[in-house]
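Where a number appears in this text, it was derived from the coordinates with a stated rule and is not lab data. Remember, predicted model here, so these are calculated numbers, not experimental data. Don't worry about glycine lacking a Cβ; one is built from the backbone with ideal geometry, like all the others, and counts go over all protein chains shown.
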Amino acid sequence: MTRPRYGENRTFLAVAHRGGAGLAPENTLAAFSRAYALGFRYLETDVRVTSDGVCLAFHDAGLDRVTSGRGLVSKHTWAEIQRLAVLGREPIARLEDVLTGFPDASFVIDVKDEAAVEPLARVLRATDSAHRVCASGAWDSWLVRLRDAAGPELSCALGWRSLVGWLACERARLATPRRLVTGGFVHLPMRLGRLPVFADRLVGRAHDLGLRIIVWTVDDADLIRRLVRLGVDGIITDRPDVLREVLIAEGKWQPAEHGRDGSTILEAASDAAGERASLIDE
C-alpha cells in the first residue's frame, strides 16, 4: 500500500525549526510538543550520534552551547548524555523518541555529519518513518547513501553541492543541468553569515525546475508576509506562533485534521525530566 510522502499534500509547509527554538529549549520534546499544540505538523530537527550509536535530536557537534557538558557528542555515551539537560531544563531527546512521539507529524532532519548516515537509516527503518521525513543539510553523497539505506520513500532536499551549483547557475544566468535538481525541495537560507543568499527571482526559477522552495530561518512577521506573497512553498521558523499568525491572516494556514494537542507528549517529557533530575544534580 502506497502511503503519503513528506509534503505530498502540496499545502504550505509551516515548519518549526528545532521544534520552535524561540519558544522552548531547542530540539527537546517540550519544544516539539509546544509546536504540535499550536497545530504544526511539520517539525525540523538535527541528528547527532553518541559514541555508542544512539541518534540524538541535537544540533551542535559540541555540548557546551546548550548544556553544562563539555566535549563532542560523539565522544559521549547515551548514558552520559542522559545526565545533561538543554538549558538546564529539558532532557536531550533520542531521535527515535521524537519520531515515535509524534506519529502523525512530518520531519525535516538535518544530517549534521557523515557518521550519522547509517545510524539515522536504522532509526528510520526501525520506526517506519522514512515516508514522513525529508533529509536535508547534507552533502549529496550522504543523502544518496541515506536514501539507499532507509528506503525510496525518504524525501530529500537538494544537497549542498547541488544547491551551490544551482545558485551559481542562477547568478551566471546559465541553464541549470537536470542532474543538479534531483531532490523535490530546495531549502534556502536568507543568508549565510553576511552573505545574502535568497533572492526574489529564485522562487519562480525553483518552480520552473519542479522544486518546492522552503526558506529558513525566518522569524520576522513582515518578512514572512512578503515571502508568502512571493509564492514560497514553506518557511522554517524559530517562532511558530508568529508564523502561524501570519499564515492565518494570509489564508495559508492549514489546521491539523487529527492528532493530539501535544499535552500527552509534554507530560511525558516532564516526567522524563523529573526522572533524570537526580542524575543531573549528581
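Table for the structure above
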{"read-out": "When residues of region 224-246 are limited to those that are assigned to a helix (DSSP H, G or I) and among the aliphatic types (A, V, I, L, M), the one farthest from the chain's Cα centre (by Cα)", "value": "Leu230"}
{"read-out": "Selected residue (only one of Ala35, Ala61, Ala85, Ala105 is crowded, with 23+ Cβ neighbours inside 10 Å, in contact (Cβ under 8 Å) with a residue 40 or more places away in the chain and either over 20 Å from Arg145 (Cβ atoms) or out of contact with any Ser or Thr (no Cβ under 7 Å at 6 or more places or on another chain) (or both))", "value": "Ala35"}
{"read-out": "Cross-chain or 6+ apart pairs with Cβ under 8 Å, region 153-178 first and buried (at least 19 other Cβ atoms within 10 Å of the Cβ), then in a loop (DSSP other than H, G, I, E, B) and of a type in the set (D, E, K, R)", "value": "Ser155/Arg5"}
